[in-house]
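See structure below.
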Amino acid sequence: MVFFKKKADKNQLLKILPKVKGEYLLNEPLNKYTWFGVGGPAEVMYCPKDTEDLCYFMKNKPYNLPIFVIGGGSNLLVRDGGIPGVVVRLKNKFFRNWKLEGDKLVCGAGMKNGELKKIMIENNIGGLEFLVSIPGGLGGAVRTNAGCFGKELKDVLISATVVNSEGEELEVSADDFNLSYRQSFFPEEWIITSMTLKVVPQDAKITENIIEEHKNYRMKSQPHNAKTAGSTFKNPEGLKAWELIKKTKSNEFKVNGAEVSDKHCNFLINTGNATAKDIEDLGNMIVENVKKETTIVLEWEVKRVGIKK
Ligand SMILES: Cc1cc2nc3c(=O)[nH]c(=O)nc-3n(C[C@H](O)[C@H](O)[C@H](O)COP(=O)(O)OP(=O)(O)OC[C@H]3O[C@@H](n4cnc5c(N)ncnc54)[C@H](O)[C@@H]3O)c2cc1C
């Protein structure tokens, strides 16, 4: 009885959504879009055809409909009950275009960071090598101010185009995003559609070498081919989260299939059959233990979204 009611409600949501040129997917499982490989379904997933379509959707959607944007899913822990409302995914070709304008690279937010490698090498430009080794897409990189090897998005972002909750397209300068350590300042519903990044002229060989060095460093120090979302906790001011986890022996905790990586103890791993709850419980156990032993409270860097089952 309850099952049928739920099914009817979901179709009901589809009926009240605006008619768009893009695609709606009902009850779309999100575990296939997240690096942890866990998470319940999106009530509806919407893949806009282009910016015009996205603006139309935002302008005409029901007023209080929850909206969440998913990028590469590499910084997300989607809970087992899934995400209510609409999950927007910029997978269409329109959001993966780029053009080089002198020392500026304009990129669609749906591009994967890894795609920058080919662009830099083929055009003898550099400056974005650090991004290539970070999983995920460019929209997520702006939103999280992604960084590594001494550089972060903040250092290369000139501006970004966003669509707001009223369906207006706005050009926002990098300063207005107020980017800081793994965070940015802007309303939850804003959707980044493209961005302009600073690049420098650079011989392709140099770019290739830097990218190779970064890759080798990661292979040595971080788990690869693992179901993880990278660093679980932010580094507290002047400290390293992984050192606190190790010092307090919190790295020895496990919850069913959720474990701490033995290569980098700020990385949690789904060894195969963990649920989102297992991973979140493990993270919370670590927070509690580190607090008990050191009084320091670790803050989640991985974004936890959706509802518990
Ligand atoms: C093995 C591994 C290594 C990692 N190493 C690093 C590292 O060195 N440095 C680092 O900073 N991070 C690292 N990460 C974390 C992660 O890769 C980054 O945070 C990445 O930038 C997230 O991008 P994404 O596209 O996967 O975003 P998602 O995980 O899909 O989403 C992250 C956030 O961005 C928002 N978002 C995504 N796209 C958009 C958009 N178009 N508009 C508005 N909001 C959007 C989402 O709503 C969410 O709030 C690592 C992760 C893994 C798995």
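Residues are listed down the side, and each one gets a yes or a no for (1) under 30 Å from ASN64 (Cα atoms); (2) in contact with a Cys (Cβ under 8 Å, 6 or more places away or on another chain); (3) modelled with pLDDT of 95 or more; (4) assigned by TED's automatic domain parsing to the domain that holds ASN31:
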site	(1), (2), (3), (4)
LEU157	no, no, yes, no
GLY167	yes, yes, yes, no
SER184	yes, no, no, no
LEU197	no, yes, yes, no
PRO236	no, no, yes, no
ILE245	no, yes, yes, no
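Being farther than 22 Å from ALA146 by Cα, out of contact with any Cys (no Cβ under 9 Å at 6 or more places or on another chain) and part of a loop (DSSP other than H, G, I, E, B) is the filter here; which residues of the stretch 49-92 pass it?
Hits for the stretch 49-92 are LYS49, ASP50, LYS61, PRO62, TYR63, ASN64, LEU65, PRO66, ARG79, ASP80, GLY81, GLY82.
Inside the stretch 52-75, can you point out the residues that are in contact (Cβ under 8 Å) with a residue 60 or more places away in the chain, away from the ligand (no atom under 15 Å from the Cβ) and either touching a strand residue (DSSP E or B) at 6+ places or on another chain (Cβ under 6 Å) or closer than 17 Å to THR161 by Cα (or both)?
TYR56, LYS59, listed by residue number.
When you check LEU298 against the structure, is it within 27 Å of GLY39 (Cα to Cα), aliphatic (A, V, I, L, M), open to solvent by less than 20 Å² (accessible area, probe 1.4 Å) and in a loop (DSSP other than H, G, I, E, B), yes or no?
Considered against the rule, which asks whether it is within 27 Å of GLY39 (Cα to Cα), aliphatic (A, V, I, L, M), open to solvent by less than 20 Å² (accessible area, probe 1.4 Å) and in a loop (DSSP other than H, G, I, E, B), LEU298 comes out as yes.
Any residue at all in the stretch 121-129 that's open to solvent by 20 Å² or more (accessible area, probe 1.4 Å) and either under 24 Å from ASN225 (Cα atoms) or within 15 Å of the ligand (Cβ to nearest atom) (or both)?
no
Answer yes or no: is there a residue in the stretch 236-253 that is within 30 Å of PRO29 (Cβ to Cβ) and within 16 Å of the ligand (Cβ to nearest atom).
For the stretch 236-253, residues within 30 Å of PRO29 (Cβ to Cβ) and within 16 Å of the ligand (Cβ to nearest atom): absent.
The values are calculated or read from the model by the stated rules, or taken from the named source; none is laboratory data. Keep in mind that what you see is a predicted model, and the values were worked out from it rather than measured. Reconstructed Cβ throughout: ideal geometry from the backbone, glycine too, with neighbour counts over all protein chains shown. For accessibility, only protein heavy atoms count, side chains too; no ligands or nucleic acids. Shrake-Rupley method; radii C 1.70, N 1.55, O 1.52, S 1.80 Å.
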